[in-house]
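Asker: What follows is a single structure, and I will ask about it in a moment.
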Amino acid sequence: MPYLDGTRTSTLAMDHTQDVTITFINPIGIAIPPTWEDQYLDKHTDFTFSNHLGFSGSIAVSGTSYGINATTWGWDLKAVVTVNNGHGATQVTTVTIASGTSTAYFAYGSATYAGAFSASVGTDKLWDVAEASFSSSVAPTRFPSLTSYTWYERSTVGSTATCSLSVGGSTVTATNTVSATRQTANYKASLSASGFCTGPQTHNFGVTNIKVNGTTVPDITHAQTKGMQSATEWSLSLEGEVDAFGIYQSGSGTISTTICLARAVSIVGRIRAWEGAYPDNLNVFVTGYDGGTRTVTSSGGSYGGQDTFNDYSVSTTLTDPVVGTASLSTSLNDVPEWISAALSTTGLTTNGDSDNDNRVLFRGFRYNGWSIAETNNRVIGLTGNDRLYAPYEGMSGYRYLAIQIKAQSGTNQTGYIELTDYHGNTKRWQVVAPTTSYSTVTLDLCSPDIWSLGALPATEDKDNPYPRKNTTSSSYAGSESVDTAYWGITSCQRLRVSSGSIDIGTTTLVYTNTDSTYVPDTFTAQYERITPAIVSESGTTTYFYGRRYWQQDRDGRTEEESDVWWQMTVGGATGVTTYSVDPVTISELCDQINASDNSIVRHPGWVATNSVAYPAGATCSVSQPPLRDCFLNGVTGYSTWLRGGGILATPNATSGTDFAYGHQLAQGTIVAQTLFDRINGNFPPDLNDPFDVNGGTDSGLYLPAGSLLRGIAHGALLDNAGDPLTSGKVNLLLTSTSANRGTDSTIDAEGRYYTSTPWGLGESNHTVTYSTSTIGLLPLHTSHRFRSWFREQELAGVCVSAAVAPNQRSCYAVIESGAVALHFADGPNATNFVMTLTSITDASCVHIAYDPTSAKSRLYIVVEASANSIVSYYTEDEGVTVSMAVTVTGSGNDASVAINPMGKRIVLYHHSNDLYRVIYDPQGNVVTAASIIVTGGVQNGKTAIAWRLGTWYAYYRDGGSSLIQISSIDDGETWS
């Protein structure tokens, strides 16, 4: 089904001239004949001019003689003119071009005449768009599929086709209305001519001003001479002679010429390494140039090349009465079937890129794709200190939640605000209400103080929100995505004050920085976009996939949607795995942006609106639907076309073509631009710049091309308190060689970073590093940015204590802003620590010890509170929850704790220059109450206690600051 891109009037025209002589014989037979009857002069050329859109016109010269009276006779020099308008109308007319009378035996009828050929008809400018089908047995590897544009013209039904040929002041015309017979334009002019010249004279025939659609056909270098005869592609110059016996001899010639308008084409391309110019040289193979393939080199991410396609064939034959006959042919047809381009796979491999990323897509028609807008300061409903949302409140895509808080009484009241996500997991933030009047605190939803699923990690590599829950299948496999520590809150089922004498008021989702990126991901970065569906009746499971295209980023919190979906169905009676592909149109992508899942807003604050509707009624159900309405719209147009698939080409009056890219764009109207792999080489040569991508003087077909390669790491840096860092350095390293593939040390106010040149190599393993922490990208995918978050876990805070669990997991504890923070080694070498900020507050110092008899790796936490009390806690889940506080003493400091292999625990501390100890059994019961083991002379300062081979050892400093060791061999009862 061709799309109609407007109409025009197409034409074919030329001028012709020749001199003609015919010898007429007396028809009444009363004159005396000459001595030699063959001494007659004759010259003329019969010809047919034709081609473009089936037009043709021909002239055949003839003559007649007739008697007038007994002595006088007359003659008429005539031309039989035939015209065909190519659409069913033909007119044949005999035109008299000269007349005369004679009384002689013969007479020469001569004339020099000129005339013109002109033809016209309305034509439809048409586009065929062909897309290769996707396999049902093999997973897709690219989108869009191989797309071919065929651009051509056909005569318009209902238009008037007219063809005229004039000679000697008379015009013959054939005309009618185009109906079923339609011609396809070929932009050619053809001449078939046969001429001769007899006797001592010359004959000249020529066709000039040959134009197709008002454009002069190319001048072909073709000139033949044979004896006294000569010819070009459009003319004959013939000469006869008289031989030695006085006999008239003839020279003759034929012409067979077809010449097409020249087709000029220009490719200008860009290769991008993520958002920068591709830094390495790379060959690009342009198929269709130079009669085959031309290699052009991209330098600095730019390349280009021009070519002109010619199609002509000329053959002339000359016969000279003296030197004989000769023929000359000149021809060229380098018009390719298709014009396409591809990156060199060898060059990609040499540069370290994936050789599968060699596709080059041309940019085509532009139109407004969609408008997208977002709302800041999005107020969330409900009141009170415990809010249950039904449906759950969508918070996806927001990093910050501004909450009004106030103290219920007094000042500087500490409390915890807790959010419960859609899985029932919780995140908590400690806040301080200054007064009993409302003030606003801003929670960083991507940096909680406490996370119910475990310690706060040093790194996080959650890169997308998938899989989402399959809302169309009641039976599905697997689990939907979990909000990780630094991912934020996708949707909130509960918001409450979990502890503290505070109240909360208005809650508002806010952002500081926001943008959207339109870049098609590689298919190697596929993800399950929703949970699989199980059909028990057939025993099949269907998996649903997608690739990233639109990605929003608010202050480092990302969300995204796909431009293409595909699914894989496995199992069942046949056991055959099948695939199907579902392109996402612009309108459908709008639906995804505006969607609610189980009544939960998926992308809160965003509204997307399709810009061009699909026409109503029968507009698009005709045989040639209008291109601008039925192809370039948001209902059938692919979402991949938004921002030209990541590279948008527009005209520039100075440079010719501007390129703009799809990275980090503001809200507003986003232009769409179609994408295709190839276009027919026999395109209409005189319709310049059909895609409106050249801003200079148009002189042919312009094909802007683009390729997106490489990738980056991006994310945020947090300090050990969870606040954004504004300094630091992140490196993206190629794993195999440790070569640096990009760095960023310009961290913004939200802690965000983006690695840069020379960019990560597609489909190769990389490592993202910050300080001593690392994240593996295995591999880094082409045209993909990987979310990688880091939180500092280095020793920080005050009053550090360390212990090793029975499973050899290392832990250290510090006090951070009055709270106990536990740091757990994420590997065997005590690197990549992950942190849990416990709910233990009002602490000034901490000491920890593992119970070796506990199956749950119970960790005891002894805390010195601000009122000089000493309190003991324990945790069995690495600080996510802690036990109730047990008071060791109401007056003491410098505590320490140790546990022997049998589970007996001793807490050591000093008070009023005395050293105390309390003994607990494995069940936590007090065996020996707090009592003095060293009287007097104990200096303020840290104490320590340990057990070894049946003996307890205690350490303190005396009044002279000497380090004193004492020991007990009776389980801590007596010391010496």
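Asker: Out of R378, R359, R428, I need the residue that is basic (K, R) and either out of contact with any Pro (no Cβ under 8 Å at 6 or more places or on another chain) or within 23 Å of A705 (Cα to Cα) (or both). Which one?
Answerer: Unique residue meeting the criteria: R359.
Asker: Another question, if that's okay. Taking strands (runs of 3 or more DSSP E) that do not extend beyond the stretch 658-745, which have at least 3 residues that are in contact with a helix residue (DSSP H, G or I) (Cβ under 6 Å, 6 or more places away or on another chain) and either open to solvent by 20 Å² or more (accessible area, probe 1.4 Å) or under 17 Å from P758 (Cβ atoms) (or both)?
Answerer: Where strands (runs of 3 or more DSSP E) fall fully within the stretch 658-745, none carries at least 3 residues being in contact with a helix residue (DSSP H, G or I) (Cβ under 6 Å, 6 or more places away or on another chain) and either open to solvent by 20 Å² or more (accessible area, probe 1.4 Å) or under 17 Å from P758 (Cβ atoms) (or both).
Asker: Next up: Can you pull out every residue in the stretch 549-575 that is farther than 22 Å from F631 by Cβ, β-branched (V, I, T) and either part of a strand (DSSP E or B) or touching a residue at least 12 places away in the same chain (Cβ under 8 Å) (or both)?
Answerer: Across the stretch 549-575, the qualifying residues are T558, T569, V570.
Asker: Moving on. Being farther than 30 Å from V882 by Cα, open to solvent by 30 Å² or more (accessible area, probe 1.4 Å) and among the small types (G, A, S) is the filter; apply it to the stretch 440-476 and report the residue that is modelled with the lowest pLDDT.
Answerer: The qualifying residue modelled with the lowest pLDDT is S474.
Asker: Would the stretch 73-87 turn up any residue that is assigned to a strand (DSSP E or B), open to solvent by 20 Å² or more (accessible area, probe 1.4 Å) and on the phi > 0 side of the Ramachandran plot?
Answerer: Looking for residues that are assigned to a strand (DSSP E or B), open to solvent by 20 Å² or more (accessible area, probe 1.4 Å) and on the phi > 0 side of the Ramachandran plot, one finds none in the stretch 73-87, hence no.
Asker: Please count how many residues of the stretch 416-432 are touching an Asp or Glu at 6+ places or on another chain (Cβ under 9 Å) and either assigned to a strand (DSSP E or B) or touching a residue at least 60 places away in the same chain (Cβ under 8 Å) (or both).
Answerer: Final tally of qualifying residues: 9.
Asker: Among what's in the stretch 287-308 and is within 22 Å of R710 (Cα to Cα) and assigned to a strand (DSSP E or B), pick the residue that is nearest to the chain's Cα centre (by Cα).
Answerer: Applying the filter and picking the extreme gives S302.
Asker: Taking the residues in the stretch 426-439 that are within 16 Å of S839 (Cβ to Cβ) and of a type in the set (S, T, N, Q) as candidates, determine which candidate is most open to solvent (accessible area, probe 1.4 Å).
Answerer: Across the stretch 426-439, the extreme among qualifying residues is Q430.
Asker: Being in a strand (DSSP E or B), open to solvent by 20 Å² or more (accessible area, probe 1.4 Å) and either of a type in the set (S, T, N, Q) or farther than 22 Å from D463 by Cβ (or both) is the filter here; which residues of the stretch 509-536 pass it?
Answerer: V510, T514, I534, V535
Asker: Quick check, is T669 in contact (Cβ under 8 Å) with a residue 40 or more places away in the chain and closer than 30 Å to W370 by Cα?
Answerer: Considered against the rule, which asks whether it is in contact (Cβ under 8 Å) with a residue 40 or more places away in the chain and closer than 30 Å to W370 by Cα, T669 comes out as yes.
Asker: Here's a follow-up. Regarding the stretch 808-818, can at least one residue be identified that is surrounded by 18 or more Cβ atoms within 10 Å (Cβ to Cβ), part of a strand (DSSP E or B), more than 53 Å from the chain's Cα centre (by Cα) and modelled with pLDDT under 90?
Answerer: no
Asker: Another question, then. I need the full set of residues from the stretch 779-807 which are modelled with pLDDT of 85 or more and assigned to a loop (DSSP other than H, G, I, E, B), in order please.
Answerer: H781, T782, S783, H784, S788, E792, A805, P806, N807, listed by residue number.
Asker: From T112, T96, T103, which residue is open to solvent by 50 Å² or more (accessible area, probe 1.4 Å), among the β-branched types (V, I, T) and in contact with a Phe, Trp or Tyr (Cβ under 8 Å, 6 or more places away or on another chain)?
Answerer: T103
Asker: List the residue pairs whose Cβ atoms are under 6 Å apart, where the first residue sits in the stretch 171-193 and is small (G, A, S), the second is open to solvent by 60 Å² or more (accessible area, probe 1.4 Å), and the two are 6 or more positions apart or on different chains.
Answerer: Correct list of pairs: A174/T90; A174/Q91; S192/S256.
Residues are listed down the side, and each one gets a yes or a no for (1) farther than 23 Å from G751 by Cα; (2) under 38 Å from the mean Cα position of the chain (by Cα); (3) acidic (D, E):
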{"position": "A373", "(1), (2), (3)": "yes, yes, no"}
{"position": "N385", "(1), (2), (3)": "yes, no, no"}
{"position": "R399", "(1), (2), (3)": "no, yes, no"}
{"position": "A407", "(1), (2), (3)": "yes, no, no"}
{"position": "T420", "(1), (2), (3)": "yes, yes, no"}
{"position": "T436", "(1), (2), (3)": "yes, no, no"}
{"position": "T440", "(1), (2), (3)": "no, no, no"}
{"position": "E460", "(1), (2), (3)": "no, yes, yes"}
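Asker: Here's another thing I want to ask about it. If the Cβ limit is 7 Å and pairs must be 6+ apart or interchain, which residue in the stretch 480-505 that is part of a strand (DSSP E or B) pairs with which residue that is among the polar types (S, T, N, Q) and open to solvent by less than 40 Å² (accessible area, probe 1.4 Å)?
Answerer: Pairs found: S491/S396; C492/T420; Q493/T420; R494/T420; L495/T507.
Asker: In addition: From the list G539, G605, which one is surrounded by 15 or more Cβ atoms within 10 Å (Cβ to Cβ), touching a residue at least 24 places away in the same chain (Cβ under 8 Å) and more than 21 Å from the chain's Cα centre (by Cα)?
Answerer: That would be G605, the only listed residue that is surrounded by 15 or more Cβ atoms within 10 Å (Cβ to Cβ), touching a residue at least 24 places away in the same chain (Cβ under 8 Å) and more than 21 Å from the chain's Cα centre (by Cα).
Asker: Residues that are closer than 23 Å to Y113 by Cα and touching a strand residue (DSSP E or B) at 6+ places or on another chain (Cβ under 8 Å), at least 1 per element: which strands (runs of 3 or more DSSP E) completely within the stretch 200-256 meet that?
Answerer: The strands (runs of 3 or more DSSP E) meeting that bar are 202-212, 229-232, 235-239.
Asker: A further question follows. Is there any pair with a first residue in the stretch 219-245 that is within 12 Å of V322 (Cα to Cα) and a second that is outside any strand (DSSP E or B) and of a type in the set (G, A, S) whose Cβ atoms are under 6 Å apart and which are 6 or more apart or on different chains, and what are they?
Answerer: G240/G199
Asker: Evaluate the stretch 225-237: report whether one residue or more is at pLDDT below 95, farther than 30 Å from L343 by Cβ, surrounded by fewer than 17 Cβ atoms within 10 Å (Cβ to Cβ) and not aromatic (F, W, Y).
Answerer: no
Asker: Select from the stretch 388-421 the residues that are of a type in the set (F, W, Y) and more than 25 Å from M835 (Cβ to Cβ) and list them in ascending order.
Answerer: Y389, Y392
Asker: Looking only at the stretch 555-582, count every residue that is of a type in the set (G, A, S), open to solvent by 30 Å² or more (accessible area, probe 1.4 Å) and either within 30 Å of S516 (Cα to Cα) or under 26 Å from the mean Cα position of the chain (by Cα) (or both) and tell me the total.
Answerer: 1
Asker: Could you list all residues from the stretch 900-950 that are polar (S, T, N, Q), open to solvent by less than 60 Å² (accessible area, probe 1.4 Å), closer than 15 Å to I870 by Cα and assigned to a loop (DSSP other than H, G, I, E, B)?
Answerer: T943 - this is the single residue of the stretch 900-950 that is polar (S, T, N, Q), open to solvent by less than 60 Å² (accessible area, probe 1.4 Å), closer than 15 Å to I870 by Cα and assigned to a loop (DSSP other than H, G, I, E, B).
Asker: Out of everything in the stretch 847-859 that is open to solvent by less than 50 Å² (accessible area, probe 1.4 Å) and touching a Gly at 6+ places or on another chain (Cβ under 9 Å), what residue ends up being farthest from A819 (Cα to Cα)?
Answerer: Selected residue: S854.
Asker: When you check T345 against the structure, is it within 30 Å of D290 (Cα to Cα), in contact (Cβ under 8 Å) with a residue 40 or more places away in the chain and surrounded by 14 or more Cβ atoms within 10 Å (Cβ to Cβ), yes or no?
Answerer: no
Asker: When the residues of the stretch 91-135 are narrowed to those that are at pLDDT 95 or above and part of a loop (DSSP other than H, G, I, E, B), which ends up farthest from the chain's Cα centre (by Cα)?
Answerer: Among them, the one singled out is S135.
Asker: Let me ask something else about it. State all residues of the stretch 353-405 that are of a type in the set (S, T, N, Q), assigned to a strand (DSSP E or B) and closer than 23 Å to F676 by Cα; if no residue qualifies, say none.
Answerer: Within the stretch 353-405, just N368 meets the criteria.
The values are calculated or read from the model by the stated rules, or taken from the named source; none is laboratory data. Everything numeric here is computed off the predicted structure, so don't read it as measured data. Note that each Cβ is placed from the backbone with ideal geometry, even for glycine, and that neighbours are counted across all protein chains shown. The area values use the complete protein model at the heavy-atom level, side chains included, leaving out ligands, DNA and RNA. Shrake-Rupley method; radii C 1.70, N 1.55, O 1.52, S 1.80 Å.
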